[in-house]
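Novice: Provided herewith is a single structure, encoded as structure tokens, for subsequent inquiry.
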Amino acid sequence: MSSSVAGAPDLSGLIELSRDPALDLKPVILRVQTDLFLTAPVHDRAILQAFESLAAGLIPTVDEETLRIVADKLDGCPDVPAGVRDALEARGFLVAPPREAGSEAEADRALAENPGALIGTRALERLLSRARTDAALARTLLGRPDIPPADLAPLWLFAEPEQRRAITEAVEATAALRPCPPAPRTLATSLVEHSHARDLQAFVTALGNGLGLPPNYLGAAVDPAARYDLLTLALRAADLREGEAVFVFLTLNDTVARSVDRVFSLVTLFRETSRAAARDLLCAILGVPVMERAGREHQPLHGPEAKRGAPAAAERGGFRTMLPTRLRRTS
């Protein structure tokens with residue numbers, strides 16, 4: 001099962017209700033699914049197929065106001081599946097074709113490949129966002145000596161080992177300045193139990209929910225081989241003990257468990273990355289705030305929304321999206 005499918009929200013209850021002739025939840029389901037599609041950090045094959053299958057089936061059945069809302073949301077998105085685009089067009093709603101986004105991508109690539117070009121703050125932010133899902137662009141940016149390691153944190157998964165260490169050290173310098181209280185031990189216990197049962201879907205969902213990650217967070221690793229590196233950062237951010245992490249490496253996936261070198265490299269990554277740095281690297285890679293969940297309520301790690309009354313509440317703190325240092329200075 002792909003990570004995106006494993007971590008996707010379960011809409012089966014809504015879909016079942018939509019079959020009740022006394023209720024018409026189809027417009028709600030279509031809008032919700034559209035929002036989930038647009039906020040997914042990576043539009044991999046599983047995400048695209050799932051969205052096309054559901055949306056293309058619902059579009060012929062919903063009202064025009066819902067279609068207008070959905071078309072406006074999808075307008076300008078380069079990854080709209082052809083089936084969804086055709087279904088909307090059949091109802092009289094056009095979505096801008098991906099050719100425009102492709103032209104912008106070519107311009108961004110030319111800018112990144114020009115060693116003499118000065119990349120401004122806004123341009124760098126756009127390039128980093130695009131490079132999260134474009135391995136060639138990511139490696140081009142990683143090869144530019146004028147971009148500091150801290151600014152390259154969103155591209156950590158694409159970096160070679162030496163550059164990963166430089167990025168991690170740069171992130172560590174600022175991550176250590178923010179509170180990083182322990183996560184609830186119930187999260188670690190749950191993860192170990194799911195790994196022991198080899199229940200991948202439950203494991204991925206529990207880890208994502210525990211940290212407040214996007215549903216398709218493992219899909220941020222464009223290269224499937226890097227997904228366990230991302231998973232290791234998440235395990236470190238979830239405050240697992242080293243022995244618990246090793247147990248996961250040895251039980252969750254047989255392919256990983258059979259490779260001594262792979263397990264050793266994952267353990268080394270877990271051991272050499274502080275929890276605060278792992279948390280901030282996750283935030284940079286995914287491009288979203290990383291939250292911890294205590295019980296049913298998200299507890300921000302730091303930020304203005306954090307509770308500031310009692311010391312214990314202050315320690316729980318809040319967590320803002322970590323932007324590269326260069327991006328925070330000016331726009």
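The values are calculated or read from the model by the stated rules, or taken from the named source; none is laboratory data. Note that the structure is a prediction, hence the values are computed from the model and not measured. Methodologically, a virtual Cβ is constructed for each residue, glycine included, from the backbone with ideal geometry; neighbour enumeration extends over all protein chains shown. What goes into the accessible areas is simple: the full protein's heavy atoms, side chains included, and nothing from ligands, DNA or RNA. Shrake-Rupley method; radii C 1.70, N 1.55, O 1.52, S 1.80 Å.
Novice: Kindly indicate whether Ile167 is of a type in the set (Val, Ile, Thr), outside any loop (DSSP other than H, G, I, E, B) and open to solvent by less than 40 Å² (accessible area, probe 1.4 Å).
Specialist: Yes; evaluated as a whole, the condition is true for this residue.
Novice: Could I ask something else about it? Those residues that are of a type in the set (D, E, K, R) and touching a residue at least 60 places away in the same chain (Cβ under 8 Å), I need them from the range 39-98; list them, please.
Specialist: Listed by number, the list holds a single entry, Asp44.
Novice: I would also like to ask the following. Quick one: count up the residues across the range 254-273 that are surrounded by fewer than 16 Cβ atoms within 10 Å (Cβ to Cβ) and outside any helix (DSSP H, G or I).
Specialist: 2
Novice: Filter the range 106-125 for residues that are more than 12 Å from Leu137 (Cβ to Cβ) and open to solvent by 40 Å² or more (accessible area, probe 1.4 Å) and give the result.
Specialist: Asn114, Pro115, Gly116, Leu118, Arg122, Glu125, listed by residue number.
Novice: Right, another one. Among the residues of the range 227-253, which ones are open to solvent by 10 Å² or more (accessible area, probe 1.4 Å) and either assigned to a helix (DSSP H, G or I) or within 24 Å of Leu137 (Cβ to Cβ) (or both)?
Specialist: Result: Arg227, Tyr228, Asp229, Arg236, Glu242, Gly243, Glu244, Val246, Phe247, Leu250, Thr251.
Matching residues to (1) in contact with a Ser or Thr (Cβ under 9 Å, 6 or more places away or on another chain); (2) among the hydrophobic types (A, V, I, L, M, F, W, C); (3) at pLDDT 95 or above:
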residue: Pro145; (1), (2), (3): no, no, no
residue: Pro154; (1), (2), (3): yes, no, yes
residue: Thr168; (1), (2), (3): yes, no, yes
residue: Ala183; (1), (2), (3): no, yes, no
residue: Thr186; (1), (2), (3): no, no, no
residue: Val192; (1), (2), (3): yes, yes, yes
residue: Ala206; (1), (2), (3): yes, yes, no
residue: Asn209; (1), (2), (3): no, no, no
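Novice: Out of all the residues in the range 36-44, is one or more open to solvent by less than 30 Å² (accessible area, probe 1.4 Å), touching a Leu at 6+ places or on another chain (Cβ under 8 Å) and either at pLDDT below 70 or not in a helix (DSSP H, G or I) (or both)?
Specialist: no
Novice: Just to be sure I understand the filter: pairs with C-beta atoms under 6 Å, separated by 6 or more residues or on different chains, first member in the range 219-246 and within 19 Å of Thr186 (Cβ to Cβ), second member outside any helix (DSSP H, G or I). Which pairs pass?
Specialist: Short answer, once both residue conditions are applied: Arg236/Thr273; Ala238/Ala183; Asp239/Pro182; Asp239/Ala183.
Novice: Test each condition in (1) assigned to a loop (DSSP other than H, G, I, E, B); (2) out of contact with any Lys or Arg (no Cβ under 6 Å at 6 or more places or on another chain); (3) among the aliphatic types (A, V, I, L, M) for Val95 and report the one that comes out false.
Specialist: (2)
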